[in-house]
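> For reference, the structure I am asking about is given below.
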Amino acid sequence: VKIDVEGWEVEVLRGFGAAFDALGRAAVVVEVSPGLLEENGSSVDELYGILESRGWRPRESRKRQAQWDAVFLPPKASK
């Protein structure tokens, strides 16, 4: 699943709700643009926090770039 909505990723993830369970073993790839997230009232911490609170884990550590694709592995695949 790829999410790239120009800084509105947090709102999309908030709306996922029970859909997270339906994703099975699919990975979630989120375009992370710190500047756009901040312009829309959210943050990188909030984005990562939503996924991590549901057991999804980033494949790599956070980057210090203007933009990157973060791959999150589902709870079963990250163990």
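> Determine if the stretch 36-44 includes at least one residue that is touching a helix residue (DSSP H, G or I) at 6+ places or on another chain (Cβ under 7 Å), part of a loop (DSSP other than H, G, I, E, B) and modelled with pLDDT of 95 or more. First the steps, then the outcome.
Our first condition is that a residue be touching a helix residue (DSSP H, G or I) at 6+ places or on another chain (Cβ under 7 Å); within the stretch 36-44, this holds for 37, 42-44.
Subset that is part of a loop (DSSP other than H, G, I, E, B): 42-43.
Going one step further and asking which of them are modelled with pLDDT of 95 or more, we end up with 42-43.
Yes - at least one qualifying residue is present in the stretch 36-44.
> Being surrounded by 13 or more Cβ atoms within 10 Å (Cβ to Cβ) and either polar (S, T, N, Q) or at positive phi (or both): is that true of Gly55 here?
Values: surrounded by 13 or more Cβ atoms within 10 Å (Cβ to Cβ): yes; either polar (S, T, N, Q) or at positive phi (or both): yes.
Here the answer is yes, as Gly55 does meet what is asked.
> Please tell me if Lys76 is among the charged types (D, E, K, R), at pLDDT below 90 and at negative phi.
Working: among the charged types (D, E, K, R): yes; at pLDDT below 90: yes; at negative phi: yes.
Taking the combined requirement at face value, the residue satisfies it.
> Can you tell me which residue is farthest from Glu38 (Cα to Cα) among those in the stretch 1-24 that are small (Gly, Ala, Ser) and not in a loop (DSSP other than H, G, I, E, B)? Can you show your working first?
Our first condition is that a residue be small (Gly, Ala, Ser); within the stretch 1-24, this holds for 7, 15, 17-19, 22, 24.
Subsequent filtering for residues that are not in a loop (DSSP other than H, G, I, E, B) retains 15, 19, 22.
Numbers: Gly15: 19, Ala19: 25, Ala22: 29 Å.
Applying the filter and picking the extreme gives Ala22.
> Another question, if that's okay. Of everything in the stretch 6-23 that's under 17 Å from Asp69 (Cα atoms) and open to solvent by 80 Å² or more (accessible area, probe 1.4 Å), which residue is nearest to the chain's Cα centre (by Cα)?
Once the filter is applied, the top-ranked residue is Trp8.
> Select from the stretch 24-47 the residues that are closer than 15 Å to Lys2 by Cα and surrounded by 14 or more Cβ atoms within 10 Å (Cβ to Cβ) and list them in ascending order.
Ala27, Val28, Val29, Val30, Glu31, Val32, Ser33, Leu47
> Now for a separate question. Name the residues in the stretch 59-78 that are closer than 11 Å to Val44 by Cβ, without any contact (Cβ under 8 Å) to a residue 40 or more places away in the chain and open to solvent by less than 90 Å² (accessible area, probe 1.4 Å), would you?
If the condition is that a residue be closer than 11 Å to Val44 by Cβ, without any contact (Cβ under 8 Å) to a residue 40 or more places away in the chain and open to solvent by less than 90 Å² (accessible area, probe 1.4 Å), then Lys63, Trp68 are the ones that fit.
The values are calculated or read from the model by the stated rules, or taken from the named source; none is laboratory data. Note that the coordinates shown come from a computational prediction; the quantities given were computed from them, not determined experimentally. Virtual Cβ from ideal backbone geometry, glycine too; neighbours counted across all protein chains shown. Just so you know, the surface numbers come from the protein's heavy atoms only, side chains and all, with ligands and any DNA or RNA stripped out. Shrake-Rupley method; radii C 1.70, N 1.55, O 1.52, S 1.80 Å.
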